[in-house]
Amino acid sequence: MEAALADTADLRVWDLPVRAMHWLLVIGIGVCWWSGINNELEYHTYAGYAVLWIVLMRLYWGLVGSSTARFVNFVRGPKAILDYATTLHRRDTPHSHGHNALGAISIVLMLGLVLAVVTLGLFAVDVDGLYSGPLSLYVSFKQGRHLAHLHYDWFNILLWVIGLHLAAVIFYFIYKRQNLIGPMISGKRQGAAGETEMTHVPLWRFVIGAVIATAIVYAVSVGFYF
Amino acid sequence: MSAFAFRRIAAAVFVVSVFTVLEVSAGPAEIAQIKPRQDKLRDMGGALKAINDDIKRGRIDWDNTVIPNAQTIKDRSVYLLNWFPKGSGPETGKKTYALPVIWQKNDDFQKLGKAMQTEAAKLNEVALKKDEAALKAQVLATGKACKACHDTYRSPDYEKENEE
């Protein structure tokens, strides 16, 4: 009995910044969606800045952050992805530590799409010429209107990919009996005692990134006119 | 039937049929409103954007940007309510963002149109006075007058393809 208990342990898998960014992004995209549909464009703009900040931070954390946050540690080549995909139907596969090879695709795709949608929004012009994106002064009214429609079309694509992400989480929960939501909240998952843990990085790295991201978002918000 | 009575009936039939033809042929006239109205409204949106862009840059060019664009908005706004004759909505089969509710709640629509004219006239006055703080406030008020109507009487962007 004691031996059995000793074999399992709480393994840390996601650090606080990763979890915070994940859930703030969920809230941010939700606010953007609601305010966009209801034409509350003043709030929509501010929510868009927040989302831009989070995505910039996540990209930065993907370079210098904790082990499970880094792109080099979870973005895999076609062979690894294919190998993983062929075991997807099996129910007894071990828990991946961090993103699995297939999930990595959807992470990269979602981050890329969010960045694309936000970028289109920065140049988008509303029908009234009132609450336009901060960079819309670099495009004409007509171009900006066109970009506003693309902003919407690309958001729809993003929603489909988010839908796929949610479907995958449900699939893991029901079919593979792996709870992926819990670890994204607590940061920990059950694992064998001997498994390698994630490595944290000092918090000052996050602070440096936050300062840079804030500066970029501010510069963008004033259209690079100071 | 006397010849006189026959002529009277024939005349009446003719008059009625002319009116009927006029009524039916009223369609193309309403359809013809859609494209120019979109162009003119786009001019107004573009004009407000141009003023807003100068405000955002923090470099306001009164003579080349603000005054001419405020003039465009004011000039166009005078005719605004003429561009929406009954029958120029989606029933034309043409691609239009104009919603049928324009003609169902026409009193309210007219009221918002007149409010737009008032704001546009004020914007023009403020532009001529070259008062920056007043301009910022009035651009916001004018844009909100545009939005007030669009929120209820225009299809949201996401329900239609991009306008051309």
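Here A:Val125 meets the list (1) modelled with pLDDT of 95 or more; (2) outside any helix (DSSP H, G or I); (3) away from every other protein chain (no Cβ under 14 Å) almost entirely, failing just condition (3). Screening A:Thr93 against (1) among the polar types (S, T, N, Q); (2) more than 14 Å from chain B (Cβ to nearest Cβ); (3) more than 24 Å from A:Asn179 (Cα to Cα) leaves a single unmet condition, (3).
Listed here are the residues, each with its yes/no results for (1) in contact (Cβ under 8 Å) with a residue 40 or more places away in the chain; (2) within 23 Å of the chain's Cα centre (by Cα); (3) under 18 Å from B:Ile55 (Cβ atoms); (4) not in a helix (DSSP H, G or I).
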{"site": "A:Val118", "(1), (2), (3), (4)": "yes, yes, no, no"}
{"site": "A:Tyr131", "(1), (2), (3), (4)": "yes, no, yes, yes"}
{"site": "A:His146", "(1), (2), (3), (4)": "no, no, no, no"}
{"site": "A:Tyr152", "(1), (2), (3), (4)": "yes, yes, no, no"}
{"site": "A:Gly163", "(1), (2), (3), (4)": "no, yes, no, no"}
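On the stretch given as the stretch B:124-164, residues that are away from chain A (no Cβ under 14 Å) and either in contact with a strand residue (DSSP E or B) (Cβ under 9 Å, 6 or more places away or on another chain) or of a type in the set (S, T, N, Q) (or both) total 1.
Counting only helices (runs of 4 or more DSSP H) that sit wholly inside the stretch A:23-116, those with at least 2 residues that are surrounded by 19 or more Cβ atoms within 10 Å (Cβ to Cβ) and of a type outside the set (Gly, Ala, Ser) are A:41-64.
Remark: pairs (first residue in the stretch A:9-23, more than 11 Å from A:Gly65 (Cα to Cα); second residue at pLDDT below 95 and acidic (Asp, Glu); Cβ separation under 7 Å; 6+ apart in sequence or on different chains) = A:Leu11/A:Glu195; A:Leu11/A:Glu197; A:Arg12/A:Glu197. No other residue among B:Lys136, B:Lys130, B:Lys95 is touching a Phe, Trp or Tyr at 6+ places or on another chain (Cβ under 7 Å) and in contact (Cβ under 8 Å) with a residue 60 or more places away in the chain apart from B:Lys130. Entry remark, the stretch B:53-83: residues being over 14 Å from the mean Cα position of the chain (by Cα) and more than 11 Å from chain A (Cβ to nearest Cβ) number 11 in total. Of B:Ala98, B:Ala134, B:Ala121, all but one fail to be closer than 17 Å to A:Leu130 by Cα and of a type in the set (Gly, Ala, Ser); the exception is B:Ala134. Among the residues of the stretch A:128-154, those that are aliphatic (A, V, I, L, M) and at the interface with another protein chain (Cβ under 8 Å from one of its Cβ atoms) comprise A:Leu130, A:Leu137, A:Ala148. Taking the listed residues B:Ala98, B:Ala50, B:Ala121, the one that is within 14 Å of chain A (Cβ to nearest Cβ) and more than 18 Å from B:His150 (Cβ to Cβ) is B:Ala50, with no other qualifying. Yes or no: the stretch A:166-184 includes at least one residue that is in contact (Cβ under 8 Å) with a residue 12 or more places away in the chain, in contact with a strand residue (DSSP E or B) (Cβ under 6 Å, 6 or more places away or on another chain) and part of a loop (DSSP other than H, G, I, E, B). No, every residue in the stretch A:166-184 fails to be in contact (Cβ under 8 Å) with a residue 12 or more places away in the chain, in contact with a strand residue (DSSP E or B) (Cβ under 6 Å, 6 or more places away or on another chain) and part of a loop (DSSP other than H, G, I, E, B).
The values are calculated or read from the model by the stated rules, or taken from the named source; none is laboratory data. In this text, all values refer to a predicted model and were calculated from it rather than measured experimentally. FYI the Cβ positions are ideal-geometry reconstructions off the backbone, even for glycines, and counts take in every protein chain you see.
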